[in-house]
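In what follows, a structure is listed as structure tokens, so that the remarks can point back to it.
The values are calculated or read from the model by the stated rules, or taken from the named source; none is laboratory data. None of these values were measured; they are calculated from a predicted model. All accessible areas refer to the heavy atoms of the entire protein, side chains included, with ligands and DNA or RNA removed. Shrake-Rupley method; radii C 1.70, N 1.55, O 1.52, S 1.80 Å.
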Amino acid sequence: MLDAGTGTGVLAIGAAKLGAEEVFAFDTDEWSFRNATENVLINHVDQQVEIAEGSSETIPADTLFYVVLANINRNVIIEMLPVLADHLRNGGNLVLSGLLISDKETILEQPALADFRLVESLRENNWIALHFNKNR
């Protein structure tokens, strides 16, 4: 699993606790990197979870993931979307959150999602999460 913009590492830690054997997570914020690294250790998932400081350039080359999560704002998601899509296995799942309802059409129009099918759109107040499946 890949956790883009991990923040505190909660999604990466949760994935490891739910059985993900390998999780790679990154964040550009130095405090978030340090905090996520500490949280991984506290939760005893350091054998499954690797945290990197930086952006999508930190993703190990030629690595394909079954699940990619990105809980970031719209502009950052749009910027990283081609790289995230390239690192997702065929048949894999992409979940984008941290989005407003007004962001949905802009996200759905992104060329990087041409080979993806929208599986589900979840809404809570003005926030949405979009679940896609990679079809190619």
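Of Glu21, Glu105, the residue with the largest accessible area leads and the full order is Glu21, Glu105 (1.4 Å probe). Solvent-accessible area assigned to carbon and sulfur over the chain amounts to 49 percent, based on a 1.4 Å probe. The heavy atoms of Val76 offer some 50 square angstrom of accessible surface to a 1.4 angstrom probe. Relative contact order of the chain, taken over Cα pairs closer than 8 Å and 6 or more residues apart, is 21 percent. Computed 3J(HN,Hα) for region 87-97, one whole-Hz value per residue from the Karplus formula 6.51 cos²θ - 1.76 cosθ + 1.60 where θ = phi - 60°, is 9, 9, 5, 4, x, x, 10, 10, 10, 10, 9, glycine and proline marked x. Per residue, the chain exposes 55 Å² of accessible surface when a 1.4 Å probe is rolled over the protein heavy atoms with every protein chain present.
From the Kirkwood radius over Cα pairs of region 1-109, Stokes-Einstein at 10 °C and 1.306 mPa s returns a whole-number translational diffusion coefficient of 114 µm²/s. With no solvent and one equal point scatterer placed on each C-alpha of region 48-136, evaluate the Debye formula and give log10 I(q)/I(0) for q = 0.16, 0.18, 0.20, 0.26 Å⁻¹, two decimals. These q points yield log10 I(q)/I(0) values of -0.61, -0.78, -0.95, -1.47. Stretching the chain fully between Glu53 and Glu21 yields a gain of 9.4 nm (0.36 nm per residue, less the alpha carbon separation).
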